[in-house]
Each structure stands twice: as C-alpha cells, then as structure tokens.
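Working notes, structure below.
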Amino acid sequence: MSEHTVVVTDHDFADLSIERAGLDDLADVVELPGGVGEARDTHDRLATADAVVTLRYELDETAVAAMEDCRVIARYGIGVDSVAVEAAADRGIPVTNVPDYCREEVATHTLALILALARRLATYDADVAAGGWSRGVGTPIHRFSNSTVGVVGYGAIGRAVGERAAALGADVLASDPFLSETDLADDPAELVPFEELLARSAFVTVHSPLTDGTRKLFDADAFARMRESASLVNVARGPIVDTAALRAALDDGEIAGAGLDVFPDEPPAADDPLRDHQRVITTPHVAWYSAEANEERRRTVTEIVRSVLVGDGPWNVVNGVE
C-alpha cells in the first residue's frame, strides 16, 4: 500500500502505464470505471484522493466538495472548462493544465484545414470519387498569398497559426481582448477589433478558450458580418460556435465553408447535417493529436502530481492557488 492515492477520473489511453511508472514509488494510481467523461463511483473515490487527474469528466462544485484531502487537480489538456476552478480555489486546491503540449499539432492542423478549404480539396476528392474529373466543380480558387487569415484568440496557438499563414504569404489579422498593439510589435499579425476581423478575413480561425464571453461567439450576427467567400475554422471548443447559425449561414450562402474539429456535443449526432455538408470539412477532435503530444501531456501531468506529493508544489496553475 503506497502512501498516497491518485485518482484518474477518465482517460482515452490504452492503459495508465506512464502514470503508474512515474508514481510507482509514491502513490497508488486508481482508475475509475466508466468511459471518457463517464466515470462512476466518483465521489467516494474522490474523498480518498491526494491528487485527481482528469480528461473530460465534469468535476463540478459537488465533485470538488467531495475532495477531502486533495492537493492538486491536474487536467490532461489545455482547457479547464470541465473543472469548477473557483470551487477548487475556495478549498485551496490548485488546478493545473498542460498549456503547450500540442501547440505545433493544433497550428498545423488548423493550417491544413484552411488550405483544404482554400484549395477545395473535399469538393475535388468527392467529384473524382464519383467518377468526375472537372476543375469547374471547385472554382473559383484564389492565390493563398493574396488572402487574409483572421485569428480569433491570439495566445500561443493562435500566434503559431499566424506565423504559419504569414510564412505562406497571407496577411494576418488578430483579435484578442487581452492584447494591445505593443504585444504584437514583433508579430506578423495586425491587431483589430473582432467585427473588423470578420469583415476583412477570407479565413477566420478560432483559438479562444470557452468562457461565458465566448460561448456562441460565432452566432447569426457574426456570420452576417463575414464575407460570402469566407470560411470558418474551429479547432478550439465546440460551444464557441452556434452550429444552428452556422448551418443557416452555409445554406443561405452567407459564408462559403467551414472546417470543424470540435462540436458542442461530441460525437455529434449521426444525423447532424454538418457531418456531411458539402462545404464542411470535419475531423474528430484530433487537432491536438500526435503520438509525441499525447505522451508529453501524460508525462507532464504525472510530473506535476509527483511534484505536489513530494512537497515541491505545482506549476501550470490556472486558478491562482500555489
């Protein structure tokens, strides 16, 4: 019996070998039954935890209140909207994330979606598969270096997207309420208000966290402000986009296309019209993924938990508790 208990609420790995190897001499790693986001017997187990590690399970105020001895909540990922961070702060429990593990992957995936939309790859692929061989099904196509890419949320990943787009010759606009022009002094992007970005961009890509202020940020009004030839890319959080408004904007010709890696509910319903919309490219929430990134987030979480349990404290704290 080890001195400490680490409870993993949910994960999508083959096993917890990395976590157990990193904590073997220090803690028992307890895996809760249930699938991703669906842990069972949670509150009884949380009461025994010295540390809680989570992927998508919702650790709400009630769950946090059950953590009698918890010294850290560590999330496998960047966003912490599934964790009641303020309730954890009230109990003196630091909440940590892994902010940089997939910066390269998400930025590259974003650019891949943008270029696929720009070059009408899905349209041409479907036409060839159906026996066609026509340039006309995808025209007009314009030179990418003549386009403008608007990045909403210009943190680390947003900047990486901007740098990649600029390297291919595109103009880059950024909208972020937490930045000023001096923050972008050495950056290829021009900082502009959200409404201006929508009006000027050929491609709008979303990299904001999910907050009360960004939930359904892209609604009917936002799509009405975009150019009819513009496309939206969302690799951030599904609820940032009002999908009903997006469908209407696509069907009414208010915007030209969309690339979606995330949905408000995942997976989306089998009959969700965005799944097979002819002007939408979808991927199954994989923008973050590479074998290297997956291992990095697991090792980082394990190292954070280990540091806390040996008394050295956490890092990557998002709720101000040290």
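So how many residues does region 143-163 have that are out of contact with any strand residue (DSSP E or B) (no Cβ under 6 Å at 6 or more places or on another chain), hydroxyl-bearing (Ser, Thr, Tyr) and in a loop (DSSP other than H, G, I, E, B)?
Looking only at region 143-163, we keep the residues that are out of contact with any strand residue (DSSP E or B) (no Cβ under 6 Å at 6 or more places or on another chain), and these are 143-147, 153, 155-157, 159-160, 163.
The next check asks that each one be hydroxyl-bearing (Ser, Thr, Tyr); those that pass are 145, 147.
Still in the running and in a loop (DSSP other than H, G, I, E, B): 147.
Residues in region 143-163 being out of contact with any strand residue (DSSP E or B) (no Cβ under 6 Å at 6 or more places or on another chain), hydroxyl-bearing (Ser, Thr, Tyr) and in a loop (DSSP other than H, G, I, E, B): 1 in total.
The rows are residues; the columns are (1) closer than 20 Å to VAL286 by Cβ; (2) in contact with a His (Cβ under 7 Å, 6 or more places away or on another chain); (3) assigned by TED's automatic domain parsing to the domain that holds ARG237.
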position	(1), (2), (3)
ALA88	no, no, no
GLY92	no, no, no
LEU117	yes, no, yes
ARG120	no, no, yes
TRP133	no, no, yes
PHE144	no, no, yes
ALA166	no, no, yes
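Yes/no per residue for (1) out of contact with any strand residue (DSSP E or B) (no Cβ under 7 Å at 6 or more places or on another chain); (2) under 22 Å from GLU195 (Cβ atoms):
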position	(1), (2)
SER231	no, yes
ARG237	yes, yes
VAL241	no, yes
LEU250	no, yes
GLU266	yes, no
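Can you tell me which residue among ARG299, ARG306 is surrounded by 19 or more Cβ atoms within 10 Å (Cβ to Cβ) and either charged (D, E, K, R) or at positive phi (or both)? Walk me through how you get there before you give the answer.
Details: ARG299 fails: surrounded by 19 or more Cβ atoms within 10 Å (Cβ to Cβ).
Just a single option satisfies the conditions, and that option is ARG306.
For region 301-318, name all the residues that are among the hydroxyl-bearing types (Ser, Thr, Tyr) and either without any contact (Cβ under 8 Å) to a residue 12 or more places away in the chain or in the same structural domain as ILE114 (by TED's automatic domain parsing) (or both). Steps first, please.
Residues of region 301-318 among the hydroxyl-bearing types (Ser, Thr, Tyr): 302, 307.
Hit for region 301-318 is SER307, nothing else.
Do we find a residue being at pLDDT 95 or above, within 29 Å of ASP125 (Cα to Cα) and surrounded by 15 or more Cβ atoms within 10 Å (Cβ to Cβ) anywhere in region 213-222?
yes
With the structure loaded, tell me whether ALA166 is touching a Pro at 6+ places or on another chain (Cβ under 8 Å), among the hydrophobic types (A, V, I, L, M, F, W, C) and surrounded by fewer than 23 Cβ atoms within 10 Å (Cβ to Cβ) or whether it fails that test.
Here the answer is yes, as ALA166 does meet what is asked.
A quick yes/no check of all residues on (1) of a type in the set (Val, Ile, Thr); (2) under 21 Å from PRO177 (Cβ atoms):
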position	(1), (2)
PHE218	no, yes
ARG225	no, yes
VAL233	yes, yes
PRO239	no, yes
THR243	yes, no
ALA248	no, no
GLU254	no, no
PRO264	no, no
ASP272	no, no
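Return the residue satisfying two criteria in turn: it lies in region 280-300 and is assigned to a loop (DSSP other than H, G, I, E, B), touching a residue at least 40 places away in the same chain (Cβ under 8 Å) and not hydroxyl-bearing (Ser, Thr, Tyr), and of such residues it is farthest from GLU105 (Cα to Cα).
Keep residues of region 280-300 that are assigned to a loop (DSSP other than H, G, I, E, B), which gives 283-290.
Applying the additional criterion that residues be touching a residue at least 40 places away in the same chain (Cβ under 8 Å) yields 283, 286-290.
From what is left, the residues that are not hydroxyl-bearing (Ser, Thr, Tyr) are 286-288.
On the way: VAL286: 9, ALA287: 6, TRP288: 5 Å.
Checking each candidate, the answer is VAL286.
Given region 15-91, what helices (runs of 4 or more DSSP H) lie entirely inside it while holding 1 or more residues that are at pLDDT 95 or above and β-branched (Val, Ile, Thr)? Don't jump to the end; show me each part of the working.
Values: elements: 17-23, 42-46, 61-65, 85-90.
Counting at least 1 such residues, we get 17-23, 61-65, 85-90.
Taking the condition polar (S, T, N, Q) and assigned to a helix (DSSP H, G or I), does THR182 pass?
Details: polar (S, T, N, Q): yes; assigned to a helix (DSSP H, G or I): yes.
In short, yes.
The values are calculated or read from the model by the stated rules, or taken from the named source; none is laboratory data. For clarity, every value in this text was computed on a predicted model and none was experimentally measured. Backbone-built Cβ (ideal geometry, glycine too); neighbour counts: all protein chains shown.
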